[in-house]
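The structure appears right after this line, and notes come after that.
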Amino acid sequence: MTLDFLHRWVATGLALAFLVVLVRPDLLPALRRADSADGYADAVRLSAPAVANIYTSRYVLSPDPSEIARSETDLGSAVVLDDRGHVITNYHLVSAAEDIWVQLSDGRVAEPVLVGVDPETDLALLRIDLGDLPTITLGRSNDVQIGDVVLAIGNPYGLTQTVTQGIVSATGRGLLGLSNFEDFIQTDAAINRGNSGGALVNTRGELVGINTATLAEEQSTEGISFAIPVNLVLGVVNDLIEHGRVIRGWLGLQPHAEILRHEQLRRRGIVSETGSGILLEQVYENGPGWKAGLRRNDIVTHLNDVPIRSRQQALRQVAGLKPGEAVRIRGYRGTQAFRAEAVAGERPIAGLR
């Protein structure tokens, strides 16, 4: 009886396994990866072919009129997004370039067309005209969690393609002074000179960010690098393809870098239901905020009834408005509460307003 019992359970288990494979064959690669000794080789094989090298050059005039202009070159990385030839990289790599070349991982070289740039996120979109392009699989940066393993792929110091591995140390990093709209993925994967513009991928080989900066050179630190999350990248890319520029909302307000918390508001005689607000350092004359009655030193606590918790949140919320869209504003002037309604304009390109 015991033998018959075991036979029945083995048969049942085999039948269940067959059904799982039949219904969910996608589970097999994951199972193989779990048992594989290849580490992250599969992820690299999937993503690395779509990571390209960027070479730029420009001519620099010498202050000595007797000397001729000299050529300066720079290098970086880029990622092929689609089979139409769209390639994303960092704005700072191409902003001053007179000549740009893109070299694919298979050695082919193309001189790209500049589709558009967005200095406020340090992104530039190029397009190359080559057939049979390797493209990267897109992930979702809002799925990225602290502790996730990530791989940085790029062209550090001209050493051709190099892969470094680390973990996600933080998400939503801002106030670094690297760009106006900061929502960085922080990682300890090494991002050296030449890695800028390259791919940050997860262990499935999906793009989750574009590598952009490290603090190591500036502050003698190690293991602190940043990538622009892919969700933000794709929003910029879509606008650049459709409009040639990124269209953002604008209220003509310059907020203070630091949020005012409950105790700071209390010292000003303000009792706010949210316990936070942001001080307006400047209101640009005849801008949307000015026309709505806002003035310098006003404290704004809500935008469209959403409490303001940080400067970055407020900037992103305003940028997400469509030009012509009305926005409700609540705040304080002195200790007096006020409400206003402004009509968003379009944020000036590369402006700091």
* Asked: Residues that are β-branched (Val, Ile, Thr): which strands (runs of 3 or more DSSP E) entirely in segment 75-171 hold 3 or more of them?
  -> 86-90, 113-118, 149-154
* Structure fact -> Of the residues in segment 225-258, those that are over 19 Å from the mean Cα position of the chain (by Cα) and of a type in the set (S, T, N, Q) come to Gln254
* So which residues in segment 194-211 are under 17 Å from Ile88 (Cα atoms) and open to solvent by 10 Å² or more (accessible area, probe 1.4 Å), if there are any at all? -> Ser196, Glu206
* **Identity of the residue in segment 189-211, charged (D, E, K, R) and modelled with pLDDT of 85 or more, that ends up nearest to Val109 (Cα to Cα)** => Glu206
* Structure fact -> For segment 257-282, pairs from a residue that is among the β-branched types (Val, Ile, Thr) to a residue that is assigned to a loop (DSSP other than H, G, I, E, B) and crowded, with 16+ Cβ neighbours inside 10 Å, with Cβ under 9 Å and 6 or more apart or across chains, are Ile259/Ile308; Ile259/Ser310; Thr274/Ile308; Ile278/Ile259; Ile278/Ile308; Ile278/Ser310
* From the options Val230, Val246, Val283, Val237, residue that is in contact with a strand residue (DSSP E or B) (Cβ under 9 Å, 6 or more places away or on another chain), within 27 Å of Ile191 (Cβ to Cβ) and at pLDDT 95 or above -> Val237
* Structure fact -> Every listed condition ((1) farther than 11 Å from Tyr55 by Cα; (2) surrounded by fewer than 17 Cβ atoms within 10 Å (Cβ to Cβ)) holds for Glu111 save (1)
* Restricting attention to segment 287-320, which residues are free of Cβ contacts under 8 Å to residues at least 12 places away in the same chain and either surrounded by fewer than 17 Cβ atoms within 10 Å (Cβ to Cβ) or closer than 17 Å to Arg333 by Cβ (or both)? -> Val306
* Select from segment 53-74 the residues that are in a strand (DSSP E or B) and open to solvent by 50 Å² or more (accessible area, probe 1.4 Å) and write down the one among them that is modelled with the lowest pLDDT. => Arg70
* Working carefully through the options Val149, Val115, Val168, Val94, find the one that is at pLDDT 90 or above and under 16 Å from the mean Cα position of the chain (by Cα). => Val168
* To do: Return yes or no: is Arg268 over 30 Å from Ser95 (Cβ atoms), of a type in the set (Lys, Arg) and modelled with pLDDT under 95?
  => yes
* **Odd one out for Thr135, checked against (1) open to solvent by 20 Å² or more (accessible area, probe 1.4 Å); (2) out of contact with any helix residue (DSSP H, G or I) (no Cβ under 6 Å at 6 or more places or on another chain); (3) closer than 29 Å to Ile349 by Cβ; (4) among the polar types (S, T, N, Q)** => (2)
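The values are calculated or read from the model by the stated rules, or taken from the named source; none is laboratory data. Please read these numbers as outputs of a predicted model, since none were measured by experiment. In this analysis, Cβ positions are derived from the backbone assuming ideal geometry, glycine residues included, and neighbour counts consider all displayed protein chains. What goes into the accessible areas is simple: the full protein's heavy atoms, side chains included, and nothing from ligands, DNA or RNA. Shrake-Rupley method; radii C 1.70, N 1.55, O 1.52, S 1.80 Å.
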